[in-house]
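Student: I'd like to ask you about the structure that follows.
Any read-out appearing in this document is the output of simple, stated calculations on the displayed coordinates, not a laboratory observation. For clarity, every value in this text was computed on a predicted model and none was experimentally measured. Here Cβ is always computed from backbone atoms with ideal geometry, including for glycine, and neighbour counts include all displayed protein chains.
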Amino acid sequence: MSRTVGRLLAESLAAHDTDIVWMVPGESFIGLTDALTDLPEVRLVVCRHEGGAGFMAVADGRLRGGRAGVLLVSRGPGLSNAMVALHTAFHDATPLVVLIGQVEGKDFGRLALQEQNYSKFLSDVTKDVIEVNEPMQASEAIARAFHLAESGTPGPVAVVLPEDIFDCPAETPMARPRPRVHGGARPEDLDRLADMLARAERPLVWVGGALANADTATLDGLRQLAEQWVLPVSPTHRRPQLFDAAHPNYGGYMGIRVPQELVAEMRRADLLVALGERITDSVSQSYSFPTAPDPQLPLVQVWPDPNEIGRVFNPTLGIAAEPASVIRALLARGAPAGAEKRRGWVAGLHAIHRRLMEPVWEPTTDGVNFAAVCVAVARHLAPDAAVTSDAGNFSSFIHRYIGFRPGQHFLASVVGAMGAGVPMAVAAAIRQPGRQVVGFVGDGGALMTGNEIATAMQYGAAPILIVADNDRYGTIGMHHELRYPNRPFENAVRLTNPDFAAWGRVFGAEGITIADEAAVEDGIARAFAVRGRPVVVHVRTSAEQMSAWRRSGAPRVHG
Ligand SMILES: Cc1ncc(C[n+]2csc(CCOP(=O)(O)OP(=O)(O)O)c2C)c(N)n1
């Protein structure tokens, strides 16, 4: 019997180095899961909710050095659940291939059970939607999807697979993977960049998402460039691991709502080089530094896709290339003669960064200052640890109190979707067994997903999950207080929570409770000592200490 389209699709996935498919089963694609059963090199990870499965695939797309994560979901309801992860992959420029089961071809357009028009539905969260209405093009569709997802500005690509194509005979050969095509810097642009850098007295180098998959050689090259050319390097929002926070050329973390002291100093710069950084709303401090559309200082933007450069900011120089190649090219030129003139500028920025990261915090009256937890975690983090974070104010403590370095991974929804922290931690622990994985999440985000602890148990993964429980959607409480001072807001943000340690235990995880600061050291040490199963650390945190940088006048009373 000739091979079926289902089998051809399975082989095509394997040919694109797919070894894990994150999925929630659906009747619309059992012809594919049946074929995948015969391919031991492709493992199905069966998840509980497509939102979590999607975040797991996004995390995988970050952990595989530029190869796309693969998500398999059913039509209408399955894909609708996964939308949050597609949104993250689209904004975060993360390569993702989403395979979607569709109704049978004979029913197209009738609003058949769970049918949707995916080209319409996904138009603003994908790079492309490829509908495989011609079974003979199924394999070609996979090759195109990977090519598009991984090239230029990476992102999600959907492949829509009607239920009745899988058993068709596949009369075409498998479409082989496309070679990766890299744009490159023109020599004259590199000359100009080198010249601008040589002249600058107070340059800034911001490094971002296009380096997030960089290999150790590239990040080591970045360190050499910083040292030889005397440049301050600032990792951008949610990419803290791109430069060693303890290195004297670390110029301060350019995250969301950066402390004024650091931004004020950065504003004195006479050149900004955004090296693999898209310059989002968060990084540009709401388009104020640099100003959009016309920056207040000379801007060089390096990004692998010319469509992206100039889309928001009007750069002095745009270079459509992999940032790694630009780092190599600058290193090959050797440092300019006068680079030493910048020593004081670099030292000044670094001194501010050091002051901001000092392990000091104020006492709280209503629960643990989460600073204490992050400082304790930092002491236990392995040089190759993976850390994930959900969205919420608790994450500001991670960036203030944990100094990251290359070799470690940091995974989050950079665009700020809640619900990513737990699934990304579980995905990292499944992808890299034996590696230390720590996931941070608030009490709000913990229950937006969280069922992935069951998936961790199923696949023998053992992340440490730290829940910062302040009985509320704290970030939003802070925004209320700032925008409408002296007005009550509790009814809009309060949460009644379970005992999160007991919640973890029900799944089979170890559960640890930290209710006061004196218990932090011991509780965190115990969490890191657990082997072979997940840990949930329930931290009863202060709401008075709203974020790592801000206190509220209204402490809460733990129920
Ligand atoms: C999916 C999603 N829904 C809503 C929001 C808006 N939002 C941003 S932070 C936040 C509160 C987070 O609360 P929690 O997880 O308890 O952390 P905390 O801010 O208290 O530290 C909310 C609701 C979001 N970013 N993502």
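Student: Under 5 Å between amide hydrogens, which residues at least 5 positions from G439 or on another chain qualify, with H placed 1.01 Å from N in the peptide plane?
Tutor: T388, I464, L465, I466
Student: Would you mind putting 233-242, 394-403, 183-192 in packing order, based on average other-beta-carbon counts within 10 Å, highest first?
Tutor: Numbers: 233-242: 25.6, 394-403: 24.0, 183-192: 14.6.
Taking the mean over residues of other Cβ atoms within 10 Å, the ranking is 233-242, 394-403, 183-192.
Student: Once you have the Cα-Cα distance between A518 and I30, take 0.36 nm times their residue separation minus that, and quote the gain in nm to one decimal. Show your work: numbers first, answer last.
Tutor: Details: separation 488, 0.36 × 488 = 175.68 nm, distance 5.31 nm.
Contour length minus the Cα-Cα distance gives 170.4 nm.
Student: Further question on the same structure: Identify the residues of the range 246-277 with backbone N under 15 Å of a label point that sits 7 angstrom from the Cα of A347 along the Cα-to-Cβ direction, or state none.
Tutor: 248-250, by backbone N distance to the label point.
Student: Related question: Output wanted: per-residue J couplings in Hz (rounded whole) for the range 163-180, from phi through Karplus 6.51 cos²θ - 1.76 cosθ + 1.60, θ = phi - 60°, x for Gly and Pro.
Tutor: So the J values, rounded to whole Hz, are 4, 8, 8, 5, 8, 5, x, 9, 9, 10, x, 5, 7, 6, x, 6, x, 6.
Student: Follow-up. Report the charge-dipole magnitude of the range 264-346 in Debye, nearest 20, computed about the Cα centre from +1 at each Lys and Arg Cβ and -1 at each Asp and Glu Cβ. The partial results should precede the final answer.
Tutor: Details: 9 positive and 9 negative charges, 73 e Å.
I would put it at about 340 debye.
Student: Still on this structure: N314 to A529: extension gain in nm, 0.36 nm per residue of separation minus the Cα-Cα distance?
Tutor: Values: separation 215, 0.36 × 215 = 77.40 nm, distance 5.09 nm.
Value of the extension gain: 72.3 nm.
Student: Additional query: What FRET efficiency comes out for R3 versus V46 if R0 is 30 angstrom and r is the Cβ-Cβ distance? Round to the nearest 0.05. Walk me through the numbers on the way to the answer.
Tutor: Values: r = 25 Å, r/R0 = 0.83.
It comes to 0.75.
Student: Can you give me the P(r) profile for the range 34-128? Cα pairs, bins 10 angstrom wide beginning at 0, each as a whole percent.
Tutor: 16, 45, 32, 8, 0
Student: Taking the radius of gyration and the Kirkwood hydrodynamic radius from Cα positions alone, what is the Rg/Rh ratio for the range 493-555, to two decimal places?
Tutor: Checking Rg against Rh, the ratio lands at 1.05.
Student: Can you pull the one-decimal nm distance between simple spin-label points at R355 and N451, each 7 Å off the Cα toward Cβ?
Tutor: 4.9 nm
Student: Would you mind putting 253-259, 3-9, 94-100 in packing order, based on average other-beta-carbon counts within 10 Å, highest first? Intermediate values should be presented prior to the final figure.
Tutor: Details: 253-259: 20.9, 3-9: 22.9, 94-100: 28.0.
Result, highest mean first: 94-100, 3-9, 253-259.
Student: Residues with amide H under 5 Å of L271's amide H, sequence separation 5 or more or different chain, H placed in the peptide plane at 1.01 Å from N; which?
Tutor: Answer set, sorted by chain and number: R202, L204.
Student: OK, next. Tell me whether the chain comes out rounded, prolate or oblate; compute the Cα gyration tensor, take square roots of the eigenvalues as a ≥ b ≥ c, and use a/c under 1.5 as the rounded threshold.
Tutor: On the way: a/c = 1.86, a/b = 1.17, b/c = 1.59.
Oblate, since a/c reaches 1.5 and b/c is not below a/b.
Student: Rounded to the nearest angstrom and ordered from largest down, what semi-axes does the equivalent ellipsoid of the range 232-313 get from its C-alpha gyration tensor (root of 5λ)? Display every interim value, and only then the final one.
Tutor: On the way: eigenvalues 77, 46, 27 Å².
Gyration-tensor ellipsoid for the range 232-313: 20, 15, 12 Å.
Student: Give me, ordered by chain and number, the residues 5 or more places off V21 or on other chains with an amide H under 5 Å from its own placed amide H.
Tutor: Placed amide hydrogens put R43, L44, V45 under 5 Å from V21.
Student: Now, a different point. Label points 7 Å out from Cα along the Cβ direction at E104 and T172: separation in nm?
Tutor: Each label point lies 7 Å from its Cα, and together they span 2.3 nm.
Student: How much length is gained if the chain between Q260 and D17 is pulled fully straight, taking 0.36 nm per residue apart and subtracting their Cα-Cα distance, in nm to one decimal? Walk me through the intermediate numbers first.
Tutor: Working: separation 243, 0.36 × 243 = 87.48 nm, distance 4.52 nm.
The span from Q260 to D17 would gain 83.0 nm if fully extended.
Student: Could you list the square roots of 5 times each eigenvalue of the Cα gyration tensor of the range 292-358, that is, the equivalent ellipsoid semi-axes, sorted largest first and rounded to whole Å?
Tutor: Working: eigenvalues 136, 73, 33 Å².
Result for the range 292-358: semi-axes of 26, 19, 13 Å.
Student: Rounded to the nearest 0.05, what FRET efficiency do S286 and H380 give with R0 = 25 Å and r taken as the Cβ-Cβ distance? Could you check? Kindly include the intermediate steps, with their values, before the conclusion.
Tutor: Values: r = 35 Å, r/R0 = 1.41.
Result of the calculation: an efficiency of 0.10.
Student: Each residue of the range 90-102 in turn: what ³J(HN,Hα) in whole Hz from Karplus with 6.51, -1.76, 1.60 and θ = phi - 60°, glycine and Pro shown as x?
Tutor: Rounded to whole hertz, the list is 5, 5, 8, 6, 10, x, 8, 10, 10, 9, 10, x, 10.
Student: Quick one: what are the phi-derived ³J(HN,Hα) couplings along the range 195-205, Karplus 6.51/-1.76/1.60 with θ = phi - 60°, whole Hz, x for glycine and proline?
Tutor: Listing the rounded values in order: 5, 4, 5, 5, 6, 4, 8, 9, x, 10, 10 Hz.
Student: Just to be sure I understand the model, the point goes 7 Å from the Cα along the line to the Cβ. What's the resulting D128 to L39 distance in nm?
Tutor: Here the answer is 1.9 nm between the modelled labels.
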